[in-house]
Amino acid sequence: MAPVVTAERLTKTFRVKVRDPGMKGAVQALVRPRNRDVQAVRDVTFAIEPGEIVAFLGPNGAGKTTTLKMLTGLLYPTSGRAEVAGFTPWTGGPECKRRLALVLGNRQQLVWDLPPEETFLLNRAIYDIGEAEYRERLAELVGLLELTEVLEKPVRQLSLGERMKCELAASLLHRPPLLFLDEPTLGLDVTAQEAIRRFLIQYRDRHGATVLLTSHYMQDVTALASRVLMINRGRLLYDGALGALVARITRMKRIELVLGGGDGGRVDAETLAAFGEVKSFRFPNAVLEVPRDEAPATSARILAALPVADLSIEDPPIEEVIRRAFAQGLEEEGT
Amino acid sequence: MNPMRMLAAFWRLNLAEELQYRANFVASVLGTVFYMATALLTLALFFRHTTALGGWDYWEIVVLLGVFNALTGVIEAVLRPGIGQLAGEVRSGELDLVLVKPVDPQAFVSFRRLDIWRFADVVLGLALAAYALHRLHRVPSLAQVATFGLTLAAAAVVVYAIWVALMSLAFWFVSVENIAVLFDAVYEGARYPVSAYPGALRFLFVYLIPIAWTTTIPASALTGRLRPGSALLAAVVAGVVFALARVLWRTALKRYTGASG
Amino acid sequence: MSWTRRYGALIRNAWLIDLQYRASIVLWMLWGVTEPTIALGIWWAIAGDGRIGGYARADFARYFFAVMLVNQLTIAWDSWYLDRWIREGELNFRLARPLHPAHEAVADNIAYKARTASVILVVWLIAAAAWPAVRLPLAPGRWAVTAVAVLLAAAMRFFISFTTGLLAFWTTRATAIMELHAGVSLFLAGRIAPLSLLPPAVAGVAGVLWFRYMLAFPVELLTGAVYGSDAVLRGLAGQIVWLGVWIAAYRVVWTRGIRKYGAVGG
């Protein structure tokens, strides 16, 4: 299948004012303002197939939102090309816009003082949705997102989670084949986050929509994305499956121990350190980190040498892997 | 915590914030100069067709405009950015953040923010009044200047009390977040001496919404129109209005904490 | 057909939002009414029992009542909205929709004006019942021409306000520029006095620029100060020319603004 989104050497440079904090900085900026060019996105290239759910990973300011804004036509790149649903997004005009939806976790299109249904009706008119289609799609979205109760309450009375669900419903009434989500679960509680994730997968399965999202929550990424694009300081560092990323970043495995036996008290951190790096130790629980390929052998040695009640081998937690990847820079470790 | 230290901390933050926007000072002064020019031209337009307005001649009213402008400076620098935000905060619930602070809420709400650039308006206003006095060939006596100081302070208190009263009303009319507009609408009337208005408007400005006391009286003190007794009366009016506003504020606050707690 | 539906939905939305803020809107209106009231009060005092430039007390009363109504029908707050949309990033989702954001602004104007002008009209009718000075002669032809002039003035003020608001792409002072314009229009548009009371040179400038056509001209049509097909047609022509100029200005500023926005973001 032909890709539905392509980016080719996308680059975006901003000029920003810089100033030091505090009174001194304020005065300095007053007298002599300084500018600096910031490369928000540099030479980013990728292609996304229809029906994929792809997550952008990266710390704040990495260039995720800027990339998303270029793909939705809100920003023009400094250089490079992009094609979205057959259009160049920043020149595509209404026909291109009809094919996509943009949901921003920190900005809302719902009218604050009116029930969400009013915004839905507005979007029905803006996107030229026929009466029958509108009813059918609304019924579907209301069912999937469990919105029956909230349709007639003013938006200001809705919880954050309910608002985001309505925001999604409003953005999907025209059934766009492409969905861009910027931090869709921002600030939501765990139940609401899960509901949104469940919905996104169902929606993709039903309509074959392609979803690009950014999120700070690793659960979003692990639950949703078949593929991740890792960005830091504007550069695309990794493009591929999440599992492969973890394997590539970390050559380590974790051995989690529960020590047992009456004389288990004799085991101390020093003894453990002989087997690998001690990540945590509070009797009777201990966590060691060892190189991936040595994990089985080391486990055997531990079982032989120590009074062990339980032992398991795991990958390090994903948050930590990602954090470490950004801290170290992927290139050095990965290649 | 010492309330003064707390306010000082807020003002410091304010100052640092304001200094970031170097263009603000220039823009603020330009805005004021433009605004004053508009007022003077309006006055000149009226005086193309008359020689006196409510018994005041051109330069006497310019003195009044100077006073008006000085008071506007106080309003814009202190009241609007401070207590003027209250209506919105009642609506959004941010007021709770104020109420948990261990200080008198009225004092804190009133003086927490200073838009320092707007103090330039006070200087410009007083300068305009001084220039108009010069054109009138009048040098106010020390007693007149003292009376002016007293009545101007009383005027500031009246204006402050009106703001407190309006913002207290915001507790009842939560949906009216622009209640400050009510002040702007009425305060427009203070640009001219109260004697210039037809009877109904005059009654409104003297007794119902006492803005006549804010500009007409201090300007009269400078131009030597004021009877000594009136100055004392102005001080008394200010005291009464302030007390009424304080009572209204307390009632409103009691209602708010009762309703939300 | 789809446009009627779109506008129907947009106006409905704007109407419902305004309904939520009806108390606030009354206050804004009150503010809009104070200025002509105070001006009327002062001119009332100056006129006394005589006439000034042809205006007696009753004429002033009629003039400023007409100013209230026409101003309410033509005023446009769009520069404030655009300034906020641009600064707060609220323009983003509006640009991501297949509908030019100006349509939302137009619909908003229609809803707002229908509401406020009808209130002023009711107030005027009540006042006219009690106070003969503010009654207007029944002249359907004049009212029809006034309606056209008001429409043109409203369109022009919309484009002025919208275009000025777009300056927020470049400066944080777009609304200050709008206030500057409001200050000048205080005199040149006839808000503080009928243009005929201004020094002739100033009144001349008002007629050459767009200011007279945004308020004073429709007001004078309504009060009958402008009459005769020659003067009326010349006024309408002036309105059309300046409307055209402001539409052109809007197109230039919009195109460049969007290009700038796309280059640096919100």
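Values quoted throughout were computed directly from the atomic coordinates according to the rules given, and no laboratory measurement underlies them. These numbers come from a predicted model, not from an experiment. Note that we place each Cβ from the backbone using ideal geometry, even for glycine, and neighbour counts take in every protein chain shown.
Okay, here's what the table says:
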| quantity | calculated |
| --- | --- |
| Most to least packed among C:171-183, C:241-253 [average Cβ atoms within 10 Å] | C:171-183, C:241-253 |
| Rg ratio (alpha-carbon, reference 2.2 N^0.38 Å) - the stretch B:3-253 | 1.04 |
| Residues B:40, C:27, A:104, sorted so that the one with the fewest Cβ neighbours within 10 Å comes first | B:40, C:27, A:104 |
| Number of partner chain Cβ atoms within 10 Å, mean per residue of C:76-85 | 0 |
| The stretch A:107-134 and the stretch A:163-217: distance between their alpha carbon centers, rounded to Å | 17 |
| Inter-label distance, nm, simple model (7 Å from Cα along the C-beta direction), residue B:35/residue A:160 | 3.9 |
| Degrees between helix B:119-135 axis and first principal axis of chain B (Cα, 0 to 90, nearest 10) | 10 |
| Cα-derived Rg over Rh, computed across the stretch C:178-266 with Rh taken as Kirkwood radius | 1.12 |
| In order through the stretch C:31-47: 3J(HN,Hα) via Karplus (6.51 cos²θ - 1.76 cosθ + 1.60), integer Hz, x for Gly, Pro | 4, x, 8, 4, 4, x, 5, 5, 4, 4, x, 5, 5, 4, 5, 5, 5 |
| Fraction in percent of alpha-carbon pairs per bin - 10 Å, the stretch C:1-74 | 17, 31, 23, 16, 11, 3 |
| Amide proton proximity set for residue A:238, modelled H, under 5 Å, gap of 5+ | A:230 |
| Taking only Cα atoms of the stretch B:158-205, radius of gyration then Dmax in Å | 12.7, 36 |
| Ellipticity estimate at 222 nm from DSSP helix runs (n ≥ 4, -39,500 (n - 2.57)) divided over chain A, nearest 500 | -11000 deg cm²/dmol |
| Estimated distance in nm for a label pair at residue A:35 and residue A:282, the labels positioned 7 Å out from Cα along Cα-to-Cβ | 5.4 |
| Mean shadow area of chain A, taken as a quarter of the surface of its Cα convex hull (nm²) | 23.9 |
| Part-to-part distance (alpha-carbon centres) for the stretch C:7-35 and the stretch C:37-84, which is given in Å | 21 |
| Modelled FRET efficiency - R0 30 Å, residue A:79 with residue C:255, Cβ distances, 0.05 increments | 0.90 |
| Computed helical MRE - 222 nm, chain B, DSSP H runs ≥ 4 contributing -39500 (n - 2.57), nearest 500 | -23500 deg cm²/dmol |
| The stretch A:29-113: projected area of the alpha-carbon convex hull, averaged over directions, in nm² | 9.1 |
| Residue-averaged beta-carbon neighbours from other chains (10 angstrom radius) around C:27-34 | 5 |
| Between 0 and 90°, nearest 10: helix C:2-20 axis offset from chain C longest Cα axis | 70 |
| For residues of C:19-25, the mean tally of beta carbons on other chains within 10 Å | 5 |
| q = 0.06, 0.07, 0.09 Å⁻¹, the protein assembly as shown: log10 I(q)/I(0) [Debye, one scatterer per Cα] | -0.55, -0.72, -1.07 |
| Neighbour-count ranking [beta-carbon atoms within 10 angstrom, fewest first] of A:313, A:302, A:318, B:61 | A:313, A:318, A:302, B:61 |
| Relative packing of peptides A:145-153, C:95-103 - highest average C-beta neighbours within 10 Å first | C:95-103, A:145-153 |
| The stretch B:93-119 and the stretch C:100-159: distance between their alpha carbon centers, rounded to Å | 42 |
| As computed over the stretch C:25-177, the Cα convex hull volume per residue (Å³) | 141 |
| At 0.692 mPa s and 37 °C, Stokes D of chain C from Kirkwood alpha-carbon radius, µm² per second | 167 |
| Computed over chain A: relative contact order in percent, which uses C-alpha pairs under 8 Å that are six or more apart | 18 |
| Cβ-based exposure ranking for A:271, B:32, in which fewest neighbours within 10 Å come first | A:271, B:32 |
| On Cα atoms only, tilt of A:295-305 relative to the major axis of chain A in degrees | 40 |
| Radius of gyration, Dmax [the stretch B:1-133; alpha carbons; angstrom] | 18.7, 60 |
| Helical contribution to [θ] at 222 nm, DSSP H n ≥ 4, -39,500 (n - 2.57), averaged over chain C, rounded to 500 | -26000 deg cm²/dmol |
